[in-house]
1. Working only within the stretch 289-299, note down all residues that are out of contact with any helix residue (DSSP H, G or I) (no Cβ under 6 Å at 6 or more places or on another chain) and assigned to a helix (DSSP H, G or I).
2. So residue 390 passes all but one of these: (1) of a type outside the set (Lys, Arg); (2) surrounded by 22 or more Cβ atoms within 10 Å (Cβ to Cβ); (3) not in a helix (DSSP H, G or I). Which condition number does it fail?
3. For the stretch 380-408, how many residues are among the charged types (D, E, K, R) and either out of contact with any Asp or Glu (no Cβ under 8 Å at 6 or more places or on another chain) or within 12 Å of the ligand (Cβ to nearest atom) (or both)?
4. Considering each of 157, 162 in turn, give the residue that is touching a Gly at 6+ places or on another chain (Cβ under 7 Å) and within 27 Å of residue 397 (Cβ to Cβ).
5. Just need a number here: residues in the stretch 57-67 that are away from the ligand (no atom under 14 Å from the Cβ) and either modelled with pLDDT of 95 or more or assigned to a helix (DSSP H, G or I) (or both).
6. What are the residues in the stretch 169-204 that are more than 15 Å from the ligand (Cβ to nearest atom), among the hydrophobic types (A, V, I, L, M, F, W, C) and crowded, with 18+ Cβ neighbours inside 10 Å, if any?
7. Scanning the stretch 82-103 for residues that are of a type outside the set (Val, Ile, Thr) and in contact with a Leu (Cβ under 9 Å, 6 or more places away or on another chain), which turns out farthest from residue 38 (Cα to Cα)?
8. Of a type in the set (Ser, Thr, Tyr) and surrounded by fewer than 15 Cβ atoms within 10 Å (Cβ to Cβ): is that true of residue 97 in this structure?
Amino acid sequence: MKHVLVVGGGAAGLMAAISAARAGAKVTLLEQNKQVGKKILVTGNGRCNLTNRDQALSHYRGSSPDFIKSALFAFGLSETLDFFQELGIVIRDRKGYLYPYSDQASAVVDVLRMETEQQKVKLALNTRVERIFEEKGRFFVETPGWTYEGDALILAAGSCAAPQTGSDGSGFCLAKSMGHSIIKPLPALVQLRSEDLIFSKLKGLRMEAHVALFSGKELLAEDTGEVQFTEYGLSGIPIFQVSRYGVKALEERREVWAVLNLLPFLKKEDAPDFLEKRIQTGAHKSALQLLTGLFPKSMADCLLKRAEIKSNKRAGELTREECERLRSACISFEVRISASNGFDRAQVCCGGVDTREVESKTMESKRVPGLYFAGELLDIDGACGGYNLQWAWTSGYLAGVHSAQTKK
Ligand SMILES: Cc1cc2nc3c(=O)[nH]c(=O)nc-3n(C[C@H](O)[C@H](O)[C@H](O)COP(=O)(O)OP(=O)(O)OC[C@H]3O[C@@H](n4cnc5c(N)ncnc54)[C@H](O)[C@@H]3O)c2cc1C
């Protein structure tokens, strides 16, 4: 019987351990926290958006996007749903975003833990892995109290995102020590910061908007949804969705601008007519009153300031240029992005173990046979919506099953 060692008891490590044990291996899972699945508990605001019905590959990002394709083909959405339903999870479907019916992330951790018990996976908790090495085809894992020895080793130690849950980046050092290249990890699914002073006035505001992220004339990414204005800049799902592209561009020392269309319910070409009609019917109103009912007051003040229009000017007296500036402020509200929040506020990292050095069908290292990777440690990051957990389930399953069959 093969002995498989798994480093990290998050979503990917738990899935890997269960899959290896079901495939006939003896499994030891080493986790530095006193409990497994700490990060799963905070996912989806405590409800755990465990996957998504829409599995278009565009929801997954990394330096080699093709890598994900064969992995998802081997263990994708339907296999994931079968797996969790077999463990007792009934699925709640919110417009394709899938959750446990109880809306409790703890239920997902509980069923995974129950299955590790059922499969007789040995859990070594409060056990920090400090060094790993291979000698004569055997893997050794050093912890402060013990050196574990196995036939195969799965690294599922997460990234640097949300280090308060345990993923402190040590997995990257362990992978590097085995000869693997690491694409520089950067925060992703994260808030974007701006030094623009308007944010002190707009903080607390939430508005539907279309967000387009630009570097020069290049459109980096776009999304629509509820944007949150905070004292440091922009937050909310559409900001999270585009953030990794902005973070990467900033890392390359390129300028990044977020352009918000605050009238996302209109086609862009309809915006002049829309404002024109509003001015005609509200010609007697002040410019500020003209925007009442369309924008919150703090945003209306800000738009008029940007359009260089006095708030008490009569709407009917606005010049053509002023109307044009107002339209532009409404549909192309520009924010210079200076940075993102750090790893402590990021949901995931982009970057990680270079997937060109890993077999996409098995998650086995091309450099060290018998060494496997799973989860966020790899250079794959998903969009918001259950894609990062899906990647953890997919890669964890493949690493688990194939490590149990390792030829070493
Ligand atoms: C607030 C928040 C909300 C999120 N919501 C969602 C969501 O709704 N849907 C979704 O798909 N994704 C979500 N994500 C992302 C998702 O949770 C992660 O991508 C996923 O859990 C990563 O799983 P993992 O097993 O690869 O890593 P992790 O869950 O980080 O697990 C790694 C484990 O390894 C352990 N470890 C690390 N180093 C060592 C070491 N040296 N020795 C021993 N143990 C070690 C850590 O303690 C940790 O338990 C969210 C993330 C956050 C932070």
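The values are calculated or read from the model by the stated rules, or taken from the named source; none is laboratory data. Treat the numbers as computed from the prediction; the structure is a model and nothing was measured. We place every Cβ from the backbone using ideal geometry, glycine too, and count neighbours over all the protein chains shown.
1. 289, 297, 299
2. Condition not satisfied by residue 390: (3).
3. Of the residues in that region, 2 qualify.
4. 157
5. 4
6. Scanning the stretch 169-204 gives 183, 192, 199, 202.
7. 92
8. Criteria not met by residue 97.
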